[in-house]
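This report refers to the structure that appears directly beneath it.
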Amino acid sequence: MKTRFAIPDSVRTLTNQARENFEREFAANDRLKWLLSMGAVFLYLALILYLSGQSDSAKRDLQFSQAQLSRISAQAEETRWPERAVTAQALINGLEERFWPGETPGLAEAGFERWIRRTFEQHDVQVRQVQLTRSSVLEDEVDTGSTTLSSMQRIRAKVTSPLNEAALIRFLDDAAMNESWIFIEQLIVRPGRNPRLEMDLATFFRPREL
């Protein structure tokens, strides 16, 4: 069912009069013509710029997709994956050889502390204190699917000793040349009447039975 509304004659007359007044005003007012023309030009330019920006964005997305497709296609056509796997495994084996040695975590910690004290003593420095802590490399519970990563542990040693600049330099050189990884995580020099050295060392360990 359709309902029709009749527009009163008075409203229709007022509408016609308003339109006629605007047409007369527009025809006689050059300034109004100029403003409306400038507005139309501005809207046209804004529309052109917007469409141009949209076109550039779409072009960049297309180029990125084409580059990704080319890279994936090249990887899919790669036939040297077995050789790469052998190279990667050899690299992993070489890195694993640099874990701190020890059959058990306790033996690894004892060996690390013994190395620290003995190396300092070789340079005529008596270590006052060595505090050891051990934690998993993957402290967060993340399922990586890698037994090597999940079993890796970091052994940290907080070392306190008298300050001897020459001995410290020789110790750092010994640490850098060691067959196992030894990292200097923090080094603090406490000046004063009895200057002392505070150093945080770290190494990595993986139980062999795992």
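Throughout, read-outs are computed from the coordinates displayed, never taken from laboratory work. Everything quoted here is computed from the prediction, not taken from an experiment. Because the Cβ atoms are built from the backbone with ideal geometry, glycine has one as well, and the counts that use them run over all protein chains shown.
A quarter of the convex hull surface defined by the alpha-carbon atoms of the range 99-205 gives 7.3 nm² as the mean projection. A simple packing score, the average count of other Cβ atoms within 10 Å per residue, orders the peptides 114-120, 187-193 as 114-120, 187-193, with the highest score first. Between Q54 and A74, the FRET efficiency from the beta-carbon distance, with R0 = 35 Å, is close to 0.70. If you plug the beta carbon distance of K158 and E96 into 1/(1 + (r/R0)^6) with R0 = 22 Å, you get a FRET efficiency near 0.25.
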